[in-house]
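Enquirer: Take a look at this one; I'll ask things after.
No lab work stands behind these numbers, since they all come straight from the coordinates. This structure is a prediction, so every number in the text was calculated from the model and none was measured. Every residue, glycine as well, gets a Cβ built from its backbone with ideal geometry; the counts of neighbours run over all protein chains shown.
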Amino acid sequence: MHRRSVAVFDRFLAALSAILAKAEAHCEARKIKPEVILSARLFPDMFPLVKQVQLACDFAARGTARLAGAEPKCFPDTETTFPELKDRIAAARGYMGGFQPEDFAHAAEREIHFKAGGHDMVLKGEDFLSFYALPQFFFHVATAYDILRHNGVELGKRDYMGGP
């Protein structure tokens with residue numbers, strides 16, 4: 001469960017950080033105010049880029065903590081710049097890195113209690129990871145990627161996938 005959660009979250013958060021660096025360079029090269037891209041949305045009723053990144057970090061960090069049987073750490077949503085978002089990602093990755101594989105010994109069977117959409121939810125760890133934490137995480141990472149692509153940042157699938 002550690003490998004299926006922490007390793008996956010970490011790889012894609014690293015990719016997201018690299019994507020944000022490309023977006024920042026895109027803004028500089030084209031003389032676009034960063035706030036324009038940071039506040040961009042795919043549709044008016046969707047969250048802007050900043051919130052997509054914050055939520056991706058939250059689903060990774062909180063999901064990891066819950067699977068490890070720990071109380072999730074809350075990160076304040078104060079980021080307004082590309083460097084602050086990259087710091088947020090680094091903080092989430094560092095937090096997740098503090099959990100060891102042995103912390104996940106019974107994660108698959110552990111009951112995970114959480115709120116979703118104002119409802120109290122309980123799922124076994126296996127289902128929490130497969131049907132909630134990972135899909136939520138990937139939704140927000142993909143949406144952040146899509147916002148940037150829609151705004152002309154030159155990105156490809158390799159950027160999204162990260163890794164070597």
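Enquirer: I'm trying to understand the selection: among the residues of region 150-164, which are assigned to a helix (DSSP H, G or I) and surrounded by 10 or more Cβ atoms within 10 Å (Cβ to Cβ)?
Expert: His150, Asp159, Tyr160, Met161
Enquirer: Does any residue of region 25-33 turn out to be on the phi < 0 side of the Ramachandran plot, part of a loop (DSSP other than H, G, I, E, B) and of a type outside the set (Val, Ile, Thr)?
Expert: Yes, region 25-33 has at least one match.
Enquirer: When you check Lys86 against the structure, is it touching a Leu at 6+ places or on another chain (Cβ under 8 Å), in a helix (DSSP H, G or I) and of a type outside the set (S, T, N, Q), yes or no?
Expert: Against the criterion (touching a Leu at 6+ places or on another chain (Cβ under 8 Å), in a helix (DSSP H, G or I) and of a type outside the set (S, T, N, Q)), Lys86 qualifies.
Enquirer: While we're on this one: Which members of region 42-66 meet the condition of being among the aromatic types (Phe, Trp, Tyr) and not in a helix (DSSP H, G or I)?
Expert: Phe43, Phe47
Enquirer: Does Pro48 qualify as being in contact (Cβ under 8 Å) with a residue 60 or more places away in the chain and not basic (Lys, Arg)?
Expert: yes
Enquirer: Would you mind stating whether Gly94 is loosely packed, with under 14 Cβ neighbours inside 10 Å, of a type in the set (Gly, Ala, Ser) and not in a helix (DSSP H, G or I)?
Expert: For Gly94, the condition - loosely packed, with under 14 Cβ neighbours inside 10 Å, of a type in the set (Gly, Ala, Ser) and not in a helix (DSSP H, G or I) - is not met.
Enquirer: For region 1-24, enumerate the residues that are within 17 Å of His150 (Cβ to Cβ) and out of contact with any Phe, Trp or Tyr (no Cβ under 7 Å at 6 or more places or on another chain).
Expert: Listed by number, the residues that qualify are Leu16, Lys22.
Enquirer: Hey, does region 63-77 have a residue that's over 19 Å from Leu38 (Cα atoms), in contact (Cβ under 8 Å) with a residue 12 or more places away in the chain and among the β-branched types (Val, Ile, Thr)?
Expert: Yes - at least one qualifying residue is present in region 63-77.
Enquirer: Okay, moving on. So which of Ala105, Ala60 is touching a residue at least 12 places away in the same chain (Cβ under 8 Å) and either surrounded by fewer than 19 Cβ atoms within 10 Å (Cβ to Cβ) or of a type in the set (Gly, Ala, Ser) (or both)?
Expert: Just one listed residue meets the conditions, Ala60.
Enquirer: Something else about it: Quick check on my filter: what residues within region 109-149 are within 17 Å of Gly69 (Cα to Cα) and assigned to a loop (DSSP other than H, G, I, E, B)?
Expert: Glu109, Arg110
Enquirer: Let me ask something else about it. Please tell me if Phe82 is closer than 16 Å to Ile147 by Cα, in contact with a Lys or Arg (Cβ under 9 Å, 6 or more places away or on another chain) and among the aromatic types (Phe, Trp, Tyr).
Expert: Criteria not met by Phe82.
Enquirer: Report every pair of residues separated by at least 6 positions or lying on different chains whose Cβ atoms are under 7 Å apart, first residue within region 138-164 and over 15 Å from Leu13 (Cβ atoms), second charged (D, E, K, R) and in a helix (DSSP H, G or I).
Expert: Every condition considered, the pairs that remain are Val153/Lys22; Leu155/Lys22; Leu155/Arg149.
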